[in-house]
Amino acid sequence: MKVCIVGAGPAGSMAGLEFAKRGATVSIFDPSHPREKPCGGGLTGKSLALLPEGAGHDPLPARRVQSCRFDTARGLMIELDLGEPVGIVARSEFDAWLLRRAVEAGARHLNDRITRVDATGRVRTLAGLEETFDLIVGADGANSLVRRTFLTATPKERRWMACGWYARGDSEMVVRFLKDVEGYLWLFPRAGHVGVGIGAPLGNPPTRDLLALLEREVARAFPAMARDEDTPYYAHTIPSPGEDGATLREMAGLKWALVGDAAALADPITGEGIFYALRSGQLLAETMMTGASAQAYAERAMEELGHDLMRAARLYKKFFAPGFTDRMLDYADRSPALSRVMVDLVLGKQDYVSLKRRLVMTLPRFGWDLATAPVRRAWRRQAARSVV
Ligand SMILES: Cc1cc2nc3c(=O)[nH]c(=O)nc-3n(C[C@H](O)[C@H](O)[C@H](O)COP(=O)(O)OP(=O)(O)OC[C@H]3O[C@@H](n4cnc5c(N)ncnc54)[C@H](O)[C@@H]3O)c2cc1C
């Protein structure tokens, strides 16, 4: 099978690696490397688990972080021990690392931009190349040309705007929920610098106001991370599926398929997209290299990823309703059982489909935790005094 992959982000490189491993002839087109993709670069455990082994001399360029501080504008704060690390990467390094794995597996990387694709499998590039493929894979991100050619762009209502800057220095990992914003602010420490950012529904508030809010909040609460005049902003959208999943059912045709952001596969609550990019790239190759159709890939993606993302889309409004995140942090602070659920959500071990069931099963333990919380607090204070 002759496969054209448009884009060498995580979705494209993973698809390229998996197709090449299975014997396909793979061409990955992307003129942007080396480049930094605007991103927090957070890799949950489920993303880390999908990654190929790096060669001994070329280990995964990730910083491992073991705890995360969650807080709210009202002053609630908890420090969660994640038990197992999450990775944080600079996308310039991570994407190049994954592309090297695809090339090692036999894929060809062409430093060229695709300017046209059609339903017969024919592509044209900026450098003037014209070639026909058995399959065109749209791994070309949030503003995908492949998506716009065969479907329509992901609408504004299903996109987040995520923006910020990279600050010099170091910080703990922080997620902060802000009043009146259906999203959150983050500080993600990487090797040598910190990703500072904020995400919220596109246009609500307008990007200019979102950045101004981020500047104010960081200057007030984390002055060492404040942006200096020479530091540029970054901004990019994150597309995600709606509640009905119609777009998920139509993400492949006879000779084309979409993966990652091009397929709008990202978590509408957290903005996590790297896992979905990696897994959809893998799923596509696994499915098509057994002789199944691109449509069979869309069905598998719906089954494995789609239902959970649709559930997340339904939970979105409740999650960011006034007071919810305050209550969540307050309860997690008083209940080890609930904070375990939160940790599993952060690590990607707890899906949305079974979340309600797990919360119901946690209720008796939660009640006990709340009743005994004052005793645990007294122990903690006592232990802190004896250390001093
Ligand atoms: C600010 C921000 C923070 C985020 N933080 C996180 C996070 O911490 N964790 C997480 O999991 N997700 C995060 N995400 C989401 C994550 O960045 C995306 O979901 C992920 O990058 C999607 O990967 P992809 O391969 O589908 O697309 P991309 O990473 O966007 O890659 C697409 C590639 O296609 C190339 N391309 C585009 N058009 C063409 C063309 N015509 N021809 C050839 N090449 C082309 C581009 O140059 C690019 O290299 C964040 C997103 C944003 C915006």
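Pairs are defined by a Cβ separation below 8 Å, a sequence spacing of at least 6 or placement on different chains, a first member in region 103-117 that is under 21 Å from residue 21 (Cα atoms) and assigned by TED's automatic domain parsing to the domain that holds residue 145, and a second member that is of a type in the set (Phe, Trp, Tyr) and more than 14 Å from the ligand (Cβ to nearest atom); the pairs so defined are 107/19. For the condition over 15 Å from residue 282 (Cα atoms), assigned by TED's automatic domain parsing to the domain that holds residue 282, touching a residue at least 24 places away in the same chain (Cβ under 8 Å) and in contact with a Pro (Cβ under 9 Å, 6 or more places away or on another chain), residue 41 does not qualify. When restricted to residues that are among the aliphatic types (A, V, I, L, M) and crowded, with 17+ Cβ neighbours inside 10 Å, region 38-49 contains 2. Consider residue 68 carefully, then state whether it is assigned to a strand (DSSP E or B), within 14 Å of the ligand (Cβ to nearest atom) and within 18 Å of the chain's Cα centre (by Cα). Against the criterion (assigned to a strand (DSSP E or B), within 14 Å of the ligand (Cβ to nearest atom) and within 18 Å of the chain's Cα centre (by Cα)), residue 68 qualifies. Among the residues of region 327-354, those that are touching a residue at least 40 places away in the same chain (Cβ under 8 Å), part of a helix (DSSP H, G or I) and open to solvent by less than 30 Å² (accessible area, probe 1.4 Å) comprise 329, 332, 339, 342, 343, 347. Among the residues of region 30-45, at least one is assigned to a strand (DSSP E or B) and near the ligand (Cβ under 10 Å from one of its atoms).
Here residue 266 meets the list (1) farther than 22 Å from residue 10 by Cα; (2) outside the structural domain of residue 162 (by TED's automatic domain parsing); (3) open to solvent by less than 40 Å² (accessible area, probe 1.4 Å) almost entirely, failing just condition (1).
Residues in region 169-206 that are more than 21 Å from residue 66 (Cα to Cα) and either more than 16 Å from the ligand (Cβ to nearest atom) or outside any strand (DSSP E or B) (or both): 178, 179, 180, 181, 182, 183, 202, 203, 204, 205, 206.
Put simply, of 278, 305, 345 the only residue that is within 16 Å of the ligand (Cβ to nearest atom), closer than 27 Å to residue 166 by Cα and assigned by TED's automatic domain parsing to the domain that holds residue 44 is 278. Against the numbered list (1) within 13 Å of the ligand (Cβ to nearest atom); (2) at pLDDT 95 or above; (3) not aliphatic (A, V, I, L, M), residue 256 comes up short only at (1).
Checking every residue in region 234-250 against the condition of being over 20 Å from the mean Cα position of the chain (by Cα), away from the ligand (no atom under 16 Å from the Cβ), farther than 26 Å from residue 157 by Cβ and surrounded by fewer than 22 Cβ atoms within 10 Å (Cβ to Cβ) gives zero matches. Remark: pairs (first residue in region 188-209, open to solvent by 20 Å² or more (accessible area, probe 1.4 Å); second residue within 11 Å of the ligand (Cβ to nearest atom) and polar (S, T, N, Q); Cβ separation under 6 Å; 6+ apart in sequence or on different chains) = 202/237. Of the strands (runs of 3 or more DSSP E) lying entirely inside region 120-161, those carrying at least 1 residues that are touching a residue at least 12 places away in the same chain (Cβ under 8 Å), within 21 Å of the chain's Cα centre (by Cα) and buried (at least 19 other Cβ atoms within 10 Å of the Cβ) are 135-138.
Among the candidates 24, 8, 20, the residue that is near the ligand (Cβ under 7 Å from one of its atoms), in contact with a strand residue (DSSP E or B) (Cβ under 6 Å, 6 or more places away or on another chain) and either closer than 28 Å to residue 185 by Cα or aliphatic (A, V, I, L, M) (or both) is uniquely 8. For region 238-260, filtered to residues that are part of a strand (DSSP E or B) and touching a residue at least 60 places away in the same chain (Cβ under 8 Å), the residue that is nearest to residue 12 (Cα to Cα) is 258.
Restricted to region 282-295, and to residues there that are at pLDDT 95 or above, farther than 12 Å from residue 135 by Cβ and part of a helix (DSSP H, G or I), the residue that is most open to solvent (accessible area, probe 1.4 Å) is 286.
The values are calculated or read from the model by the stated rules, or taken from the named source; none is laboratory data. Because the structure is predicted, anything quoted here is derived from the model rather than measured. A quick note on method: Cβ atoms are made from the backbone with ideal geometry, for glycine too, and the neighbour counts reach across all protein chains shown. Side chains are part of the model used for accessible areas, which takes the heavy atoms of the whole protein and leaves out ligands, DNA and RNA. Shrake-Rupley method; radii C 1.70, N 1.55, O 1.52, S 1.80 Å.
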